[in-house]
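Notes for the one structure printed next.
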Amino acid sequence: MIKRLEYSRRNMIITVALLMLSFGSLYAVAAPQPNAKTPVELAADTIDYDAKQGILIATGRVRIKQGQLVVTGDKAEYNTESQEGRVTGGVKAVNQDSTLTAAEVQTYKNNTYLIAIGDAVLTKGEDRLTGPRVEYFADTQYALVPQNGKIVRPDGTMTADKIEAFFQDNSATGTGSVHIVSPTRNLDATADTATYYGEPKDQSKVILSGNARAVQDGNVLIGETLTLRLDEKAMDSQGRSKLVITQTK
């Protein structure tokens, strides 16, 4: 006989050890994880737990809360055997200064590996990473947008075929058809690859490699490798380069 628990009354809240192992760390994205002992609250129109199969399914206005973490969506599923979870339908997860939205969020490897699919947007502080798919590794705070990536920072925007974000180091790398635009710095740059370094403070820079071209204040610098020292509004080049200076009155 299969042991199954069903709950159908709206706003019924369950706090169980099962959920602490599952959804508690669903959104550790670039933010401190909730304490494992912090109670988890799950509310939904219907909650179904199959004890024999180890499968939990919550449907209808799902809301998961643990400490400052709040996750909402239309449906949530979790397998206690494989430790894999899935939240679908307008998913939104908020934890302190981090927010993740997507059509679907999947969790793997004891919730340390997350995949957000469908207009995924990961916001951490003032930075926003977007793409059709965002992968996140909670243990290293590394995020990957494998295609059509975009990262928006306070001083500009970078788009590329692929974008990798390293939140601990405050850096990001774009690969393939990189385009950087910074209206505040009057900068427009393109390259095959580019890496943005936000640290140390007031010494941020961008290194462009492969068919690099940067235009700033009307001046154009072309080369194989260019270094843009953003806070100094200066550009350096390596290898054979071409500089076009625009005269100002």
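The values are calculated or read from the model by the stated rules, or taken from the named source; none is laboratory data. Here the structure is a predicted model, which means the values were calculated and not measured. All Cβ positions, glycine included, derive from the backbone under ideal geometry; neighbour counts span all protein chains shown.
Scanning the stretch 102-156 for residues that are under 23 Å from Thr195 (Cα atoms) and in contact with a helix residue (DSSP H, G or I) (Cβ under 9 Å, 6 or more places away or on another chain) gives Ala138, Pro154, Asp155, Gly156. Of the residues making up the stretch 85-113, just one is of a type in the set (Phe, Trp, Tyr) and either in contact with a Gly (Cβ under 9 Å, 6 or more places away or on another chain) or not in a strand (DSSP E or B) (or both), namely Tyr108. Screening Gly174 against (1) touching a Lys or Arg at 6+ places or on another chain (Cβ under 6 Å); (2) of a type outside the set (Phe, Trp, Tyr); (3) modelled with pLDDT of 90 or more leaves a single unmet condition, (1).
So which residues in the stretch 62-73 are more than 10 Å from Gly89 (Cβ to Cβ) and assigned to a strand (DSSP E or B)?
Arg63, Ile64, Lys65, Gln66, Leu69, Val70, Val71
If you take the residues of the stretch 191-208 that are in a strand (DSSP E or B), out of contact with any Leu (no Cβ under 8 Å at 6 or more places or on another chain) and without any contact (Cβ under 8 Å) to a residue 40 or more places away in the chain, which of them is farthest from Ala160 (Cα to Cα)? In this case the residue turns out to be Tyr197. If only residues of the stretch 179-196 that are buried (at least 22 other Cβ atoms within 10 Å of the Cβ) and not aromatic (Phe, Trp, Tyr) are counted, the one that is farthest from Thr157 (Cα to Cα) is Ala191.
Residues being at pLDDT below 90 and more than 30 Å from the chain's Cα centre (by Cα): count how many of those fall in the stretch 206-220. Spell out how you get there, then give the answer.
Within the stretch 206-220, the first condition is being at pLDDT below 90, and the residues that meet it are 216-219.
Then keep just the ones that are more than 30 Å from the chain's Cα centre (by Cα); that gives 217-219.
Matching residues across the stretch 206-220 total 3.
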